[in-house]
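The values are calculated or read from the model by the stated rules, or taken from the named source; none is laboratory data. Computed from a predicted structure; not experimentally measured. Note: ideal-geometry Cβ built from the backbone for every residue, glycine included; neighbour counts use all protein chains shown.
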Amino acid sequence: MIFDATTDYVVQSDRRGRITYMNPASRRHNGLAPDAPVGHLRYADFNPPEMLERYRRVIVPTALAQGVWVGETIALDLSGQRTVCSHMLIAHRDKRGRLEHFSAVMRDISAEQAAAQALARNEQTLRSLADTMPAIVAVIDKQQRYRFVNASFERWYQVSRDTIAGRAVRDVVGEHEYRHSEPYIERVLAGEAAVYDKAYHESGSRRHLEVHYTPLRAADGSVDGYVLVANDITARKEEEQRLRELTRVDPLTGLLNRNGFDEHLRDCTERAQRDEELLALLYIDLDHFKQVNDRHGHPVGDELLKIFAKRMRNAVRPGDAVARLGGDEFAIVLAGLKAPSNAERVADKVLAAAQAPFNVGKLSLRVSASVGVAYWQRGDRDGRLLVERADAMLYRAKQGGRGRRASADPQD
């Protein structure tokens, strides 16, 4: 017969389920000799009870009605070993339409099913592993559609993975975020890994992600998409910012220190040069402060400095910078002024703040201040000349008797 050479199992049976033919592959599977009789065998010998019930309710009625049934079944060999099969049952009829016999063609798919189950287990394991990760994970195809996202992705974007599978990245993250990410997406789809930081503002706070893009390659080496892994680095960024602030802030007064002053002045002079803004610098020195330290000790002097620092902050705008340069020397940077008179008024407020009594414990202390005022000039290349002019004006104020201000001509 035509089925003798096939590796599929072929079995024929009459209308009552008695076996009338088994091809060589089926005989070998069941341990039957090529010439062994099979007439004593029935279909029930090759099917477990649950399959016999399925035959009765679904498989045979479908084959009778449609001529054929195709699906998967579990077959028994004569030793009782179960085999998962891809199964086709054909109902043969004579010219008058009467049923003659059934033919079953079966292929052992146990190995394929085991492999599929192993793959499914591996996929579930990987999914479970990805879902336990705090990092945001997404797999995206080369058409920029989501294939997979983990639980952290769902929490971050407040979406269900079931609603975004197959959707485009642009639609899920929004146009603004997509535009920010687009250059890196282009790089990774060209086969180049990319890393960048992304900042988010939400509920009045700022959060940071470190985003890694890695190309996803097909078997032939071509780029088939990419993997996104993003870690929340907000805590790290905040710690870095805190450490940066420590290098810029005077620990006693909370004002900028020399380093912070230099950075701020550099930014302000660059902006003044670019935008032709009026920029003023006040150099301040407390008069007679050494006597306070000598007479009452450094702790009292420190308290006086902290009070004076607070008074100076109250005398300027929120965006103005106040710095302690060392000892009893201070500076104020006033950017974006409308007129030089504004800087003069701030200098007068500083003088008044220094002349008011300082109450430290039971002590009422009095000092004064000298203030030098200078202005950014169009020909200045950097802030050094501005600092020199402010320092010269401070020296002039002290030479004039202390407790006063001296100002450079804004046009000098």
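Points worth noting:
- In segment 344-374, the residues that are touching a strand residue (DSSP E or B) at 6+ places or on another chain (Cβ under 8 Å), surrounded by fewer than 24 Cβ atoms within 10 Å (Cβ to Cβ) and more than 20 Å from Glu303 (Cα to Cα): Glu344, Val346, Asp348
- Every listed requirement among (1) under 24 Å from Ala353 (Cα atoms); (2) in a helix (DSSP H, G or I); (3) in contact (Cβ under 8 Å) with a residue 12 or more places away in the chain is met by Thr247 save one, (1).
- For segment 33-50, residues that are of a type outside the set (D, E, K, R) and not in a loop (DSSP other than H, G, I, E, B) total 4.
- Residue count for segment 380-412 under the criterion of being under 46 Å from the mean Cα position of the chain (by Cα) and without any contact (Cβ under 8 Å) to a residue 24 or more places away in the chain: the result is 3.
- For segment 13-37, taking the residues that are aliphatic (A, V, I, L, M) and over 17 Å from Ala75 (Cα atoms), the one that is farthest from the chain's Cα centre (by Cα) is identified as Ala36.
- Looking across Tyr196, Tyr213, Tyr200, one residue alone is at pLDDT 90 or above and within 16 Å of the chain's Cα centre (by Cα). It is Tyr213.
- Leu228 passes every criterion in (1) under 30 Å from Asp380 (Cβ atoms); (2) not in a loop (DSSP other than H, G, I, E, B) apart from (1).
- Neighbours by Cβ (under 8 Å, 6+ apart or cross-chain): first from segment 330-347, basic (Lys, Arg); second surrounded by fewer than 23 Cβ atoms within 10 Å (Cβ to Cβ): Lys338/Leu278
- In segment 168-182, residue surrounded by the fewest Cβ atoms within 10 Å (Cβ to Cβ) [restricted to those that are over 14 Å from the mean Cα position of the chain (by Cα) and small (Gly, Ala, Ser)]: Gly174
- Matching residues, segment 378-397, being surrounded by fewer than 17 Cβ atoms within 10 Å (Cβ to Cβ) and either in contact with a His (Cβ under 7 Å, 6 or more places away or on another chain) or not acidic (Asp, Glu) (or both): Arg378, Gly379, Arg381, Arg384, Leu385, Ala392, Tyr395, Arg396
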